[in-house]
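Beneath this line is the structure, given in structure tokens, with notes to follow.
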Amino acid sequence: MTNADVREVLHIEALSFSTAWPPSAFVSELNDNKLAHYFVGRVGGAGGEVVSYGGIWVILEDAHITTIAVHPDWRGKRYGEQTLAYLLCEAIERGASWITLEARESNIVAHALYRKYGFSTVATRRAYYSDNGENAVVMWAGNLRGELYAKRLAVLANGLAEALERDEAR
């Protein structure tokens, strides 16, 4: 993600979350936070439309997924999974052994995707979301740099690639 992407990202943010981050938050993350790493997913190549984005903080061996979203018109086409897989690979490449995130308690689709990638629920944050007081589940995946997780990630990456090929053939 670059500063030039922020406008498209904010559009997806507004469509995806009832309490969206302000433009200054993304600009600050991109320009001021050395622990932050943000990425966009595009259709149509390097200059194409931004359809997803995600971000992580990596602090020594710990990583935190700060945000992940897919434009509503592009949901169900595996862009969320691609973004998650990319964030995990980036976290590992940057030295993370552990990764956490928060998700709305009601977002069972996201929970299933995160569990697929080895996350488990470790806590609940009561009334975490200010828009409606909904709880957040805290999910965690560990031993990211271990052989077992590397194999899991490889199998999932192969499965994702095959699914994308099938989707394109349709």
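The values are calculated or read from the model by the stated rules, or taken from the named source; none is laboratory data. In this text, all values refer to a predicted model and were calculated from it rather than measured experimentally. All Cβ positions, glycine included, derive from the backbone under ideal geometry; neighbour counts span all protein chains shown.
List of remarks:
- Search result, residues across the range 36-85 that are under 23 Å from residue 167 (Cα atoms), among the hydroxyl-bearing types (Ser, Thr, Tyr) and in contact with an Asp or Glu (Cβ under 9 Å, 6 or more places away or on another chain): 53
- For residue 42: the one exception among (1) without any contact (Cβ under 8 Å) to a residue 24 or more places away in the chain; (2) not in a strand (DSSP E or B): (2)
- Of the residues 15, 35, the single one that is more than 20 Å from residue 78 (Cβ to Cβ) and out of contact with any Leu (no Cβ under 9 Å at 6 or more places or on another chain) is 35.
- Criterion violated by residue 115 - all others in (1) assigned to a helix (DSSP H, G or I); (2) in contact with a helix residue (DSSP H, G or I) (Cβ under 8 Å, 6 or more places away or on another chain); (3) among the basic types (Lys, Arg) satisfied: (2)
- Scan of the range 126-170 for residues that are more than 22 Å from residue 88 (Cβ to Cβ) and charged (D, E, K, R), ordered by number: 126, 131, 134, 166, 168, 170
- Residue match in the range 21-35 (condition: among the aliphatic types (A, V, I, L, M), within 30 Å of residue 146 (Cα to Cα) and surrounded by fewer than 16 Cβ atoms within 10 Å (Cβ to Cβ)): yes
- Apart from one condition, residue 47 fits all of (1) outside any strand (DSSP E or B); (2) under 11 Å from residue 5 (Cα atoms); (3) touching a strand residue (DSSP E or B) at 6+ places or on another chain (Cβ under 9 Å); the exception is (3).
- Residues in the range 61-80 that are over 29 Å from residue 127 (Cβ atoms) and touching a helix residue (DSSP H, G or I) at 6+ places or on another chain (Cβ under 8 Å): 2 in all.
- Which listed residue, of 15, 10, 88, 30, is touching a helix residue (DSSP H, G or I) at 6+ places or on another chain (Cβ under 8 Å), in a helix (DSSP H, G or I) and closer than 21 Å to residue 138 by Cβ: 88
- Unique residue being touching a residue at least 60 places away in the same chain (Cβ under 8 Å), surrounded by 16 or more Cβ atoms within 10 Å (Cβ to Cβ) and closer than 21 Å to residue 58 by Cβ when the list is 156, 101: 156
- In the range 5-19, the qualifying residues are those that are aliphatic (A, V, I, L, M) and either modelled with pLDDT under 95 or in contact with a His (Cβ under 9 Å, 6 or more places away or on another chain) (or both), and the one that is nearest to residue 127 (Cα to Cα) is 15.
- Residue count for the range 118-146 satisfying the condition of being over 17 Å from residue 56 (Cα atoms) and part of a strand (DSSP E or B): 8.
- Scan of the range 104-117 for residues that are among the hydrophobic types (A, V, I, L, M, F, W, C) and over 23 Å from residue 62 (Cα atoms), ordered by number: 108, 109
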